[in-house]
1. Give the relative contact order (percent, whole number) for the chain; include only Cα pairs under 8 Å separated by 6+ residues.
2. Angle between the Cα long axis of helix 220-233 and the longest principal axis of the chain, 0 to 90 degrees, nearest 10?
3. Are there any GluC sites (Glu not before Pro) in segment 193-252 that are in a DSSP loop and have at most 11 other Cβ atoms within 10 Å? List them by number.
4. What list of ³J(HN,Hα) values in whole Hz, one per residue of segment 261-267 in order, does the Karplus curve 6.51 cos²θ - 1.76 cosθ + 1.60 (θ = phi - 60°) give from phi, with Gly and Pro shown as x?
5. Restricted to Cα positions, what overall size does segment 195-282 have along the principal axes? Three whole-Å values, descending.
6. How far is helix 160-169 tilted, in degrees, relative to the longest principal axis of the Cα atoms in the chain, given as a value from 0 to 90 rounded to the nearest 10?
7. Per DSSP helix of 4 or more residues, -39500 (n - 2.57); summed, then divided by the residues of the chain. What does that give at 222 nm, rounded to the nearest 500?
8. Mind putting a number on the dipole of segment 1-80 about its Cα centre? Charges go on the C-beta only, +1 for Lys and Arg and -1 for Asp and Glu, and I need it in Debye to the nearest 20.
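Just so it is clear, none of the values below were taken in a lab; they were calculated from the coordinates. In this text the structure is predicted, and so the values were computed from the model without any measurement. Positions of Cβ are generated from backbone atoms using ideal geometry, with glycine treated the same way; all protein chains shown enter the neighbour counts.
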Amino acid sequence: MHFVLTLIAAPGSSPLDASLLDGAMAALGEAGAAHAAVDWLDPGIACDIAIESAMPKSAKAAVRERLAGAVVDLAVLPAGNRRKALLVADMESTVIAEELLDELADTLGIRPQIAGITARAMAGEIDFDAALKQRVHLLAGLPVAALDRIGAGATLNPGARTLILTMRAQGAYTALVSGGFTHFTEDIRSRCGFDEAHGNRLEIAQETLTGEIAEPILGPSTKRDILERLCDERGLDLDDACAVGDGANDVEMVEAASLGVAFRGKPVLREAASVCIDHGDLTTLLYLQGYRRNEFKNG
């Protein structure tokens, strides 16, 4: 079966050079994987090396060992059906830099208490639904104006808008699926250009949070369900889908998609993902699909 080794240098780091590429190809040879010449997707930044290997995991491990210490993301993926027709993305710590519930807690002076629960939930140490209810309860009495202020300050991670605009320009459908709140997801959907967005709804009375969250809660299984439903509605297979996230509540959708990506992922998600992005920005997902830099859309 044919595979592609993709190497992506981190923005601002040393570019992919001849010694690094020679090391990668030597590692492939030692792993028994015949390979083609380098195909540049973005000179000095990202490249493909076509390989023929019966043991792609062994080939990937060999290259990773040879390049240990290099500030480079790498993946060995099937050469066929690289460009995905569906992207489902987590929001917080993936598309945006912040965990917005933690930012809300800051306004009440309880950030350490809530951030600790968030960290344990994202690591998979405690149940997501219970952790979300616990944190929202602590926000009771917070004015809605605080949500508006925090949402306006949310920071798109580098490459987020380029990722969405480029995939949509090629006909892909994109969905933002968050365990966070609809108060934020619609704004981020608009800023990035996603086709649709999903999140949890906070209960509000007299312009303040009641401390309750509307049922049903959008959690790990719901994220996977949305991915599968979007595939069904568009006549796609899971092999046509990409999912990206950072924490334990993304495991089910990342495992379901053929291209499941952990972006700065927690250990529990890294184990489930087919690719881990540790150094590059979100445009790394485009290179993984074989996009060339001159195909990127910015807006």
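1. Values: 595 pairs, mean separation 64.7, N = 299.
Result for the chain is 22 percent.
2. Once rounded, the angle reads 70 degrees.
3. Numbers: sites: GLU196, GLU203, GLU207, GLU212, GLU228, GLU233, GLU252; in loops: GLU207.
Qualifying residues, ordered by number: GLU207.
4. Result, ordered by residue: 10, 9, 9, 6, x, 5, x Hz.
5. 45, 33, 20
6. Taking Cα atoms only, the helix is inclined about 70 degrees.
7. Working: 12 runs with 115 residues, N = 299.
Rounded to the nearest 500, it is -11000 deg cm²/dmol.
8. Numbers: 4 positive and 9 negative charges, 52 e Å.
My answer is approximately 260 debye.
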